[in-house]
Amino acid sequence: MKSLKENSQKTHIVIIGSGIIGKFNALELSELGFQITIIDPNQLQNSSNAALGLLMGNMYQRRRGRSWDLRKQSIELWPQWIRFLQKFNYELNIEKPLIQLTTNEEKFKKLEKFISEINDQNLRILEKDSIFINNINKAFQTKNIKGMISLKDGRINALSLLQTLDKYLKHKKINHLKEEIIKIKKSNNQWISTTRNNENIKSDMVILCNSLKAIDLIDSLSHNIKLKPILGQAMEIDINDAEVDLLSLPRQFNINGKNIIPKSKNKLIIGSTDEYSTEPKENTFEKLTNFLDKKPNWLMKGKISKKWYGIRSRPDGEASPIMKNLEDGLIICTGFYKNGILLAPACSKWVANEIRNYFY
Ligand SMILES: Cc1cc2nc3c(=O)[nH]c(=O)nc-3n(C[C@H](O)[C@H](O)[C@H](O)COP(=O)(O)OP(=O)(O)OC[C@H]3O[C@@H](n4cnc5c(N)ncnc54)[C@H](O)[C@@H]3O)c2cc1C
C-alpha cells in the first residue's frame, strides 16, 4: 500500500468556493501535500467577508453532541493554526476575552446553572460591581445587565484572516481560478468540473464549499440536501456624544444576541441579524439596535457609516453544518449558517480524515 504522502502528491483536489471553508480546506489539504485548485468567481463578496469573527466556542452551553464536538475540536485547533499563519501575518491573533450579557432573568439563570455545573476557571459569571458591568451599565444607561465572561473565547478579524489565507495560498502556488463552476460529473474515475466558459478541469476529488450553490452541482435525486438562505446584516456606527467613551467597554461582547465591537472612542460595529431573506430591507439600524428595552440617547442618534450583509446557507431538515462524503471522490462541506469562522478548522480536519480514509 502506498503512503499518504505518495498518494497526496499525485492527487489533484478541486475545491469549489473560496470563502473561509474553501480556503481552510485548501490550507489543511495543501499541508498534507495534495495538489489543490480552488475555484471561485467572486471570493470577495461572500458571507465570510461579512463575518464579525467572534469565536463562541467554550461559552456554548452544551457539552455533548456533534455541535459541541466540532466546537471543542476547533477551540483546540485554532491556537495551532494561528501560530502557523503568523508566519504570513504576524498580527493575526484572537482577541480575548468574550463577554455574553443578557437582561433576561431566565436566560441569566441558565447561564448561572451552566457555569456552576461546568466548573471551568475560564468561564465566570461577571460580578455585579465588576468594571465590565459598571462600564456597560453606564454606557447603555441600564441597571439590569448580567452575564458571563469567557477568558478563552474571543474574536479573530475575519477579513485579516481571509487575506492571510490568501497569502498562504499564493506562497504555496495554489492554483486559484476566478471561474464559476456550472457542472460536475464523473468520467473514467476522474471528476470533471465545467466552468461557465466551458473549460473542463479534471481532478481526482472535488470538495463542494460553495455554500447555497452546492446543491446546484449535485444530483438532487440521489442526495436529498436542502439549504435555505439566511441573511445576516452588520453595521458600523459613528456616535457624536462627548459623554460616552466606547473604548471603556470590553473589546467584544454580546448583549441579548447582538454582537458589539467598539472600534474607537466614537465608533462601533453591531451585528448580526438572522433573516429568512436574500435582500436587506431599509430598517437595518432598527433591527440591529433594538436589543434593549430602551436605547441610550447616543445610540439613538448614531449614524451608520458603513453597513454590509452576507447570505449564509442553513440546512433545512438537518443540523448545521452539512459535511458528507457523497460519492467516491465527492465531499460536501456547506450549510455554515452560523459560526463558519469558528468551525472552519474542525470541519477541514473532518474533510482531511475522509480523504485519508479514501486512500486506506
Ligand atoms: C453579518 C455576519 C456576521 C457573522 N459573524 C460571524 C461570527 O462572528 N463568527 C462566525 O464564526 N461566523 C460568523 N458569520 C457566519 C460566517 O460568515 C459563515 O458561516 C461563513 O462565512 C460561511 O463560509 P462559507 O465558506 O461556507 O461560505 P461563503 O463565505 O459564502 O463562500 C462561498 C463561496 O462559494 C462561491 N461559489 C458559489 N457558487 C460557486 C460556483 N458555482 N463555483 C465556484 N464558486 C462558487 C461564492 O462566490 C463564495 O465565495 C457571520 C455571517 C454574517 C453574514
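The values are calculated or read from the model by the stated rules, or taken from the named source; none is laboratory data. Bear in mind the structure is a predicted one, so any value in this text is a computation, not a measurement. In this analysis, Cβ positions are derived from the backbone assuming ideal geometry, glycine residues included, and neighbour counts consider all displayed protein chains. Keep in mind that these areas ignore ligands, DNA and RNA; they rest on the heavy atoms of the full protein, side chains included. Shrake-Rupley method; radii C 1.70, N 1.55, O 1.52, S 1.80 Å.
Give the number of residues within the range 304-360 that are buried (at least 20 other Cβ atoms within 10 Å of the Cβ), more than 21 Å from the chain's Cα centre (by Cα) and within 16 Å of the ligand (Cβ to nearest atom).
Matching residues across the range 304-360 total 0.
Can you pull out every residue in the range 23-55 that is buried (at least 19 other Cβ atoms within 10 Å of the Cβ) and over 28 Å from residue 10 (Cβ atoms)?
46, 47, 48, 50, 51, 52, 53, 54, 55 - these are the residues of the range 23-55 that are buried (at least 19 other Cβ atoms within 10 Å of the Cβ) and over 28 Å from residue 10 (Cβ atoms).
I need every pair where a residue in the range 166-186 that is under 13 Å from residue 22 (Cβ atoms) has its Cβ under 8 Å from the Cβ of a residue that is open to solvent by 80 Å² or more (accessible area, probe 1.4 Å) and more than 16 Å from the ligand (Cβ to nearest atom), sequence separation at least 6 or different chains.
Pairs that qualify, where the first residue is under 13 Å from residue 22 (Cβ atoms) and the partner is open to solvent by 80 Å² or more (accessible area, probe 1.4 Å) and more than 16 Å from the ligand (Cβ to nearest atom), are 176/170.
Is it the case, given these coordinates, that residue 269 is assigned by TED's automatic domain parsing to the domain that holds residue 137, in contact with an Asp or Glu (Cβ under 6 Å, 6 or more places away or on another chain) and within 12 Å of the ligand (Cβ to nearest atom)?
Against the criterion (assigned by TED's automatic domain parsing to the domain that holds residue 137, in contact with an Asp or Glu (Cβ under 6 Å, 6 or more places away or on another chain) and within 12 Å of the ligand (Cβ to nearest atom)), residue 269 qualifies.
Look through the range 78-98, keep the residues that are over 18 Å from the mean Cα position of the chain (by Cα) and more than 18 Å from residue 23 (Cα to Cα), and return whichever of them is most open to solvent (accessible area, probe 1.4 Å).
Filtering first and then ranking leaves 90.
Please verify whether residue 278 is of a type outside the set (Gly, Ala, Ser), over 18 Å from residue 59 (Cβ atoms) and surrounded by fewer than 17 Cβ atoms within 10 Å (Cβ to Cβ), treating the condition exactly as stated.
yes
Consider the range 185-207. How many of its residues are near the ligand (Cβ under 9 Å from one of its atoms) and either within 25 Å of the chain's Cα centre (by Cα) or assigned to a strand (DSSP E or B) (or both)? Please lay out each step first, then the result.
Within the range 185-207, the subset near the ligand (Cβ under 9 Å from one of its atoms) is 193, 195-196.
Going one step further and asking which of them are either within 25 Å of the chain's Cα centre (by Cα) or assigned to a strand (DSSP E or B) (or both), we end up with 193, 195.
The number of residues fulfilling the criteria is 2.
Which number in (1) part of a loop (DSSP other than H, G, I, E, B); (2) among the polar types (S, T, N, Q); (3) under 30 Å from residue 191 (Cα atoms); (4) under 16 Å from the mean Cα position of the chain (by Cα) marks the one condition that residue 58 misses?
Going through the list (1) part of a loop (DSSP other than H, G, I, E, B); (2) among the polar types (S, T, N, Q); (3) under 30 Å from residue 191 (Cα atoms); (4) under 16 Å from the mean Cα position of the chain (by Cα), residue 58 breaks only (3).
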